[in-house]
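Read the structure below first, then the notes.
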Amino acid sequence: MQYRSPLAHAKFSLLGSSLHQALILGVALLAAPAFAAVRDAHVVDASAFVRVADGKKADGAKAAPVKAKAKGQGAKSAKAAKKGAKGDSQAAAAKKAQDTKPGPLADFGKEAVPGDVVHVANWVSYTRNNKKKSFVVIDKKAARMYVFDPQGKLKSHTPVLLGKAQGDDSAPGVGSKPLSKLTEAEKTTPAGRFQALPGRNTRGEDIIWIDYNAAVSMHRMRHVSAKERRAERMSTEDISDNRISNGCVNVPPRFYNAVLKPTVNRHGAFVYVLPETRTPQQQFGSFDVLAVAKAAPAAPAAPAKRG
């Protein structure tokens, strides 16, 4: 066996390692163009796919059917949009015509109602001033409330208690005053058109606001003091003793719970408080709709069918 010294063995190992590294480097240099060609080919193929996706064939020929189909879809969409706009316009015109079409006259059934109440209720219903809501007419001269449904049909009526002072306007700043600071002249129930707003008073009781800023509401009649005799005043035929409140409209509890509150909660409502120092025409700008309805031309009769 031939003996190798450690130094010779180390030289031989170093030489072998160098040759091995040189061989690997050469192979890598030879293989690099091949790998580069494959990467470029992949890019070319990808661009070809992109062109096809854009609606063109990979060989450069135009894909006419795709473009034609897109054009057809665009035309259909435009036609549908035009048709939809026309339909919306017709619906809006029909709604406007319905809103401007006179409503029915108020229906009082067999009840005998004062002239001012008839005048205002007819005007409200005929001109659709109630905006499809229920409405309440309060006749201060007669101390009575009338509740109508959205179609102008009288549901029921009841006596009410009103502000002690005569007058149709609220004094400036009266809504922010404590009740103990109100003067007798400030205890008025204001006339006008108000939107009924359910709410609560400082005691937590449910009420229906007429004029929030003036602190005027409709609420159940409550016992205040024995000397005011509110329940007794409500039950008498004498309407002069119904003027006792600080300005709010006091309603019999049974009527409030069974008629007024459910009507307002279900449909919403406008409240028309009739004036006592001026006319309804001055207060609301109302007019005699009965005369207008009689003067309106009758609708033409439908032509007879031919046999």
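No lab work stands behind these numbers, since they all come straight from the coordinates. What you are looking at is a predicted structure, and each value in this text was computed from that prediction instead of being measured. Cβ sites come from the backbone with ideal geometry, for glycine too, and all protein chains shown count toward neighbours.
Ordered by the count of other Cβ atoms within 10 Å of each Cβ, fewest first, Glu186, Glu276 give Glu276, Glu186. The Rg/Rh ratio for region 185-291, using Cα coordinates for both the radius of gyration and the Kirkwood hydrodynamic radius, is 0.98.
Cβ-to-Cβ counts within 10 Å put Glu228, Glu237 in ascending order as Glu237, Glu228, the fewest first. Charged neighbours of Lys133, selected by a Cβ distance under 12 Å, balance to +4 (K, R count +1; D, E count -1). With both bridge residues required to lie in region 105-294, what share of the DSSP beta bridges run antiparallel, to the nearest 5%? Looking only at bridges with both residues in region 105-294, the antiparallel portion is about 65 percent. Diffusion coefficient of region 105-294 by Stokes-Einstein, Kirkwood radius over Cα pairs, 4 °C, 1.567 mPa s: 77 µm²/s.
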